[in-house]
Amino acid sequence: MDLPEAYARCHALTREHYENFPVARLVPKHIRPHVSAVYAFARTADDIADEGWGESGAPTPQERVDRLDAFEAELDKAAEGVGPLDPQYAWIFLALANTIRETKADVQLFKDLLSAFKQDCLKLRYATHAEVLDYCRRSANPIGRLVLILHGHHDEQWFQWSDHICTALQLANFWQDVGVDIRKDGRIYIPEEDWPKFGVDRAMFDQPSTPQPLRDCLKFQVDRAQSIFDQGKPLGKALPFPLSLEIKLTWHGGTTILQKIAAQDYDTLASRPKLRKTDVPKLMAKAAFS
């Protein structure tokens with residue numbers, strides 16, 4: 001397989017995956033292959049960690065970690081310029097190795113992502129808010145930094161603003177998915193240190209509707225996520241167009257999720273709030289005029 005074919009397969013994945021969004025279509029043409037390579041890497045690793053979870057015959061959590069270890073070994077070889085050995089992923093790492101060379105992307109960002117995926121295979125509880133933030137640092141923040149790097153931006157202040165937005169996005173996803181996560185694999189991201197403050201106990205997460213103490217705790221989490229979003233808001237105005245528009249859309253999309261959680265009185269056990277097609281014009285208008 002040659003390099004153009006490898007990039008073509010990466011780009012195809014951005015268009016075909018069942019969880020796909022319009023990746024690598026709204027960015028400058030010259031960096032589109034690099035965005036596709038990064039997406040293919042992250043999407044494939046996430047599938048190794050999560051695909052088929054709970055289904056009969058699915059890999060065990062430790063087997064998933066072992067597969068991610070092997071995937072990381074391929075990353076190390078790609079970063080060192082050694083040809084990929086696993087034909088299953090050769091196309092990803094052929095493209096990614098070239099992207100790393102051309103954009104000078106920090107390999108540690110990719111390794112941080114893998115460490116978060118491995119953690120998700122084994123860790124179901126978080127004792128403190130600091131633990132949750134550390135997970136976000138590795139699961140979400142690398143994506144934002146890579147987006148900036150692929151666009152040629154390496155400003156440390158911009159990285160910090162991006163980290164705030166990405167962390168808040170991850171938190172918003174956690175708080176909209178409380179019911180989804182507990183029913184899927186028993187995972188709870190709400191820090192256990194916050195439970196006593198509101199009278200929350202483990203049994204509350206098994207209810208069909210969110211008990212009031214848990215709603216109060218969720219409000220606290222949502223407010224905290226909004227404050228982190230606010231710390232990252234300056235990035236949208238600092239960046240050049242059109243990336244500035246995409247970041248503003250991302251910011252407004254994330255904060256809208258938090259607003260939807262509040263609008264249903266923080267009952268994310270009963271239903272999962274999400275963005276709908278009817279929200280898009282409002283988000284576009286907010287992004288354009290903010």
Looking at the range 245-271 only, could you name the residues that are assigned to a helix (DSSP H, G or I), of a type outside the set (A, V, I, L, M) and either touching a residue at least 12 places away in the same chain (Cβ under 8 Å) or surrounded by 19 or more Cβ atoms within 10 Å (Cβ to Cβ) (or both)?
E246, K248, T250, W251, H252, G253, G254, T255, T256, K260
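Where in the range 164-244 are there helices (runs of 4 or more DSSP H), lying wholly inside it, with at least 1 residues that are within 19 Å of the chain's Cα centre (by Cα)? Even if it seems obvious, please write down each step before you answer.
Working: elements: 178-185, 195-198, 212-232, 234-238.
In the range 164-244, 178-185, 212-232, 234-238 are the helices (runs of 4 or more DSSP H) which contain 1 or more residues that are within 19 Å of the chain's Cα centre (by Cα).
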Hits in the range 84-119 (condition: crowded, with 21+ Cβ neighbours inside 10 Å and under 16 Å from the mean Cα position of the chain (by Cα)):
F110, L113, L114, A116, F117, K118
Being surrounded by fewer than 21 Cβ atoms within 10 Å (Cβ to Cβ) and small (G, A, S) is the requirement here; does A130 meet it?
yes
Restricting the range 213-225 to residues that are surrounded by fewer than 18 Cβ atoms within 10 Å (Cβ to Cβ) and in contact (Cβ under 8 Å) with a residue 12 or more places away in the chain, which is farthest from R183 (Cα to Cα)?
R224
What number of residues within the range 72-100 are without any contact (Cβ under 8 Å) to a residue 40 or more places away in the chain and not in a helix (DSSP H, G or I)?
9
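Identify, from the list Y135, Y126, the residue that is over 15 Å from A42 (Cα atoms), not small (G, A, S) and not in a loop (DSSP other than H, G, I, E, B).
Y135
One line per residue, one yes/no per condition, for (1) under 30 Å from A285 (Cα atoms); (2) out of contact with any helix residue (DSSP H, G or I) (no Cβ under 6 Å at 6 or more places or on another chain):
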| residue | (1), (2) |
| --- | --- |
| L150 | yes, no |
| Q160 | yes, yes |
| R202 | no, yes |
| A225 | yes, no |
| I247 | yes, no |
Given (1) in the same structural domain as L275 (by TED's automatic domain parsing); (2) in a helix (DSSP H, G or I); (3) modelled with pLDDT of 95 or more, A116 misses just (1)
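The values are calculated or read from the model by the stated rules, or taken from the named source; none is laboratory data. Treat the numbers as computed from the prediction; the structure is a model and nothing was measured. All Cβ positions, glycine included, derive from the backbone under ideal geometry; neighbour counts span all protein chains shown.
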